Every structure is written in structure tokens, then in C-alpha cells.
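Only the coordinates and a few stated rules stand behind these numbers; no lab work does. Owing to the predicted nature of the structure, the values given are computational and were not obtained by experimental measurement. In this analysis, Cβ positions are derived from the backbone assuming ideal geometry, glycine residues included, and neighbour counts consider all displayed protein chains.
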Amino acid sequence: MIEKIQEQLKTAMKERDELRISVLRMLISDLKYAQIEKRSALNEGESLQVIQKAIKKRKEAAELYEKGGRPELAAKENAEAKILEAYVPAPMDEAAARQKVAEVIQELGVKEKKELGRVMKEVLSRYRGQIDGKLAQKLVNDLLE
């Protein structure tokens with residue numbers, strides 16, 4: 001993942017896209033820091049978590065800037081989040097997510113609500129970044145009733 005981002009950073013530098021350059025540099029830094037904490041290379045899921053965390057930070061900051069009456073800073077944060085969103089898979093809509101959760105429940109042979117944790121763990125590991133945790137929990141609860 002880091003190599004891919006570094007290649008895109010080189011392209012952004014050639015194009016002199018200052019916003020993209022700063023966002024990609026920060027992302028590479030975040031990924032390398034996570035690697036150091038883990039003491040080994042990050043797998044795809046762990047890289048996605050780092051990127052999603054960065055997106056969430058920027059969206060929260062944009063929201064705070066809007067409340068504080070600083071729309072220009074909010075626009076910058078939203079633009080940065082949009083750049084980062086290109087590195088995560090597109091989120092599923094509720095109908096597709098419901099179908100995937102139902103498939104996982106069927107595969108695991110779960111019938112009771114007390115095994116919700118097992119289903120959630122499997123759903124979130126398979127579809128990290130595509131299905132929101134809150135939506136997954138709601139769907140699992142609905143399907144196990």
C-alpha cells in the first residue's frame with residue numbers, strides 16, 4: 001500500500017498538486033507509524049483502518065470548522081477526506097450489506113442472537129471498509145431475530 005501511495009505522490013509532485021502532496025505525505029507517515037507500532041508490515045485490512053481513521057479525523061475537523069464559522073478550513077478538510085477516500089473500497093448500500101451479512105450468518109450456521117459477536121467479527125474482517133460497523137450490527141440483530 002505504501003509503495004502505491006509513494007508512486008502517486010511522485011505523480012502529484014510532477015503535477016505540482018500541493019493539496020494532494022501534503023495529504024499523501026501525511027498518509028505515508030501515518031502508515032509508517034502504524035508499521036513501527038506493529039513492528040512488522042501492515043496487511044491490507046490494517047492499512048485500510050489507518051486510512052479510514054485519517055478520513056474520520058478530517059470529517060470531524062470539517063464539522064467543527066463549520067460550527068466555528070470557518071467554511072474555508074472546512075472545505076480544505078473535506079477536500080483532503082475526498083482524496084483519502086480514493087484509497088478505500090466504496091461502501092456498500094444497505095441492501096447489498098444485508099445480503100452479505102445473511103450469507104455470513106448462513107455460512108457460520110448461526111441461529112441464536114447470543115452468537116452475534118462471532119458473526120460481527122467475521123463480517124467486519126471480510127468487508128472492512130465496505131460495511132460500517134453500526135450498520136453491520138443493526139443488520140445482524142435484524143437477521144438473527
Using only C-alpha atoms and all pairs of different ones, pull out the Kirkwood radius for the range 94-144 in Å with one decimal.
-> 10.5
Within the under-13-Å Cβ sphere about E37, not counting E37, Lys/Arg +1 and Asp/Glu -1 give a net charge of +2
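Counting Lys +1, Arg +1, Asp -1, Glu -1, what net charge surrounds E145 among other residues with beta carbon under 12 Å of its beta carbon?
Working: positive: K111, K113, K138; negative: E112, D142.
Around E145, the charge tally is +1.
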If you stretched the chain out fully between A95 and L143, how much longer would it get, using 0.36 nm times the residue separation minus the C-alpha to C-alpha distance?
-> 16.0 nm
With the 8 Å Cα cutoff and a minimum separation of six or more residues, the range 2-85 has a relative contact order in percent of 26
Residue order, fewest to most surrounding Cβ atoms within 10 angstrom, among L27, L9 = L9, L27
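Count neighbours as other Cβ atoms within 10 Å of each site's Cβ, and list the GluC sites (Glu not before Pro) in the range 62-122 that are DSSP loop with at most 16 such neighbours.
Working: sites: E63, E66, E72, E77, E80, E85, E94, E103, E107, E112, E115, E122; in loops: E112.
Within the range 62-122, the qualifying GluC sites (Glu not before Pro) (loop, at most 16 other Cβ atoms within 10 Å) are E112.
Hey, what does the equivalent ellipsoid look like for the range 22-92, semi-axes from the Cα gyration tensor as sqrt of 5 times each eigenvalue, largest first, whole Å?
Semi-axes from the Cα gyration tensor: 25, 13, 10 Å.
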Whole Å is fine, so just give me how far the alpha carbon centre of the range 40-61 lies from that of the range 109-130.
-> 21
Quick one: angle between helix 71-85 and the longest Cα principal axis of the chain, in degrees between 0 and 90, rounded to 10, please.
-> 60
Cα long-axis angle, helix 94-108 against the chain (0 to 90 degrees, to the nearest 10) | 50
Cα-based helix-to-principal-axis angle, 44-67 vs the chain, degrees rounded to 10 = 70
